[in-house]
Amino acid sequence: MVRILQVFNRYVHMGGEEKSVDRIYQHLGEEHQVARCFFESRDWARASALAIPGQLIKTFYNHGSRKKFEEMIKTFRPEVALFHNAFPVGSPSLYHAAARHRVPVIHYVHNFRPFSVGGTLYSNGQFLEEALGGDYRREVQTGAWQGSRLKSAVMARVLRRLHASGWLDNVRAWVCISEFLRDKLAIGTGVESDRLFALRHSWDAMKNPPPPDDRGYYLFLGRLVDVKGVEVLLEAWRHLRARLGAATPALHIGGEGPLADRVKAEAARYPDIRYLGLVTGEAKHAAISGCRAMVAPSVWWEPLGLVTYEAYDYGKPMLAARSGGLSETVIAGLTGFLHEPGDAAGLAGDVLILESMSLSERYHMGAEGRVWLLSECSPARWKASFGEVLAHTVAR
């Protein structure tokens, strides 16, 4: 049993990363002693405009966050610190404190932080891969972090100072959630290969999934932002409408974000599109249970894409972009189909293929996805793989 201190700076809006952090906490707690040291971006989001200059300074080094972290080190005496996201409230002070107290760090890499200002290497339709090597100029120019050039410039300076500090030498293992992500870091960042690991997220699959059901609609669930391919999705349905007319299958879109009004306008104009708003709980269960397939047309390098896991858990085929980690979880022709990122016509073509299949063929495709999920993403398999990373970290 190892004492592990989990460190995470929550985002303003809860997303897949936070759910994964909770899942990791639960699974590690079954075999190890785990404590949590969390920070809240919401605290800063609620602050007055007068507090913003102070927040920017604390983004460089937050002494309050360091104090909180050090108190946890003194009381819990961790053997390992498991970092997820440390920005902006946690700040580089956490890396400094861990190094100073000789607590080795395992860094779970859910996106491209701390090697990217915005965390996505994507902004305004551009891939900004040079950021992996420390060139943040285009990320700043495009306002990659929170749409602000000023905030992006501050974060760029924060990351430059962090990488120059030597504090990241204390990170014994970088755990990437896909092979794609690991390979990108290996090529672009200079991190030694023996500190890089690929470990997909686990999934607590339903023991008794609902019986097969296909009510004919396709389902998108996610943040309504450009990187998720919302415009590609809407354009694909324009292609289908031109081809099929009144026989165009329905598209249900669930989620919130800056493109919500865009989706609402399209839904008001075309009867085959339905906007669901934020979908949770029983409503989400019903939406996934009844769909024909789920859709993930991401245009950025999706690190993994847990929406695929959700689709497979319900026995649903997946239509996804050949983007980042999505290409590792969708087996074209067996569990779903892959189109090139940004290719709306390609996505529409995949929908037409699925429409041409029989009900039993679509059910079989969804069933194959569930077989993959149970085999590749079981908690037992994840715990065994993470145990190897943990042994590597403690032994160094």
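Taking helices (runs of 4 or more DSSP H) that fall entirely within region 294-396, which contain at least 2 residues that are surrounded by fewer than 15 Cβ atoms within 10 Å (Cβ to Cβ)? Full working, then the answer.
On the way: elements: 307-313, 326-329, 344-356, 359-376, 379-395.
Of the helices (runs of 4 or more DSSP H) lying wholly inside region 294-396, those with at least 2 residues that are surrounded by fewer than 15 Cβ atoms within 10 Å (Cβ to Cβ) span 344-356, 359-376, 379-395.
Name the one entry in LEU326, LEU373 that is among the hydrophobic types (A, V, I, L, M, F, W, C), within 19 Å of SER178 (Cα to Cα) and in contact with a strand residue (DSSP E or B) (Cβ under 8 Å, 6 or more places away or on another chain). Break it down stepwise before answering.
Working: LEU373 fails: in contact with a strand residue (DSSP E or B) (Cβ under 8 Å, 6 or more places away or on another chain).
Selected residue: LEU326, the only one of LEU326, LEU373 that is among the hydrophobic types (A, V, I, L, M, F, W, C), within 19 Å of SER178 (Cα to Cα) and in contact with a strand residue (DSSP E or B) (Cβ under 8 Å, 6 or more places away or on another chain).
Checking each residue in region 167-194 for being part of a helix (DSSP H, G or I) and either closer than 25 Å to SER20 by Cα or of a type in the set (Ser, Thr, Tyr) (or both) picks out LEU168, ASN170, GLU179, PHE180, LEU181, ARG182, ASP183, LYS184, LEU185, ALA186, SER193, ASP194.
Would you mind finding the one in ALA246, ALA267 that is part of a helix (DSSP H, G or I), touching a strand residue (DSSP E or B) at 6+ places or on another chain (Cβ under 7 Å) and farther than 20 Å from GLY342 by Cα?
Criteria check complete, one pass: ALA267.
Looking at PHE127, PHE87, PHE115, just one residue is within 28 Å of ASP226 (Cβ to Cβ), surrounded by fewer than 20 Cβ atoms within 10 Å (Cβ to Cβ) and within 18 Å of the chain's Cα centre (by Cα), and that residue is PHE127. Here GLY254 passes the criteria (1) small (Gly, Ala, Ser); (2) crowded, with 23+ Cβ neighbours inside 10 Å; (3) at pLDDT 95 or above except the one numbered (2). Residue-level check: of (1) farther than 20 Å from ILE177 by Cα; (2) of a type in the set (Val, Ile, Thr); (3) without any contact (Cβ under 8 Å) to a residue 60 or more places away in the chain, VAL103 misses just (3). On inspection, ASP204 does not qualify as closer than 14 Å to ASN111 by Cα, loosely packed, with under 15 Cβ neighbours inside 10 Å, among the acidic types (Asp, Glu) and under 22 Å from the mean Cα position of the chain (by Cα). Is one or more of the residues making up region 222-243 surrounded by 16 or more Cβ atoms within 10 Å (Cβ to Cβ), of a type in the set (Phe, Trp, Tyr) and under 20 Å from TRP301 (Cα atoms)? No: region 222-243 contains no residue that is surrounded by 16 or more Cβ atoms within 10 Å (Cβ to Cβ), of a type in the set (Phe, Trp, Tyr) and under 20 Å from TRP301 (Cα atoms).
The values are calculated or read from the model by the stated rules, or taken from the named source; none is laboratory data. The model shown is predicted, which means the values in this text are computed figures rather than measured ones. With ideal geometry, Cβ positions are generated from the backbone for all residues, glycine too; neighbour counts draw on all protein chains shown.
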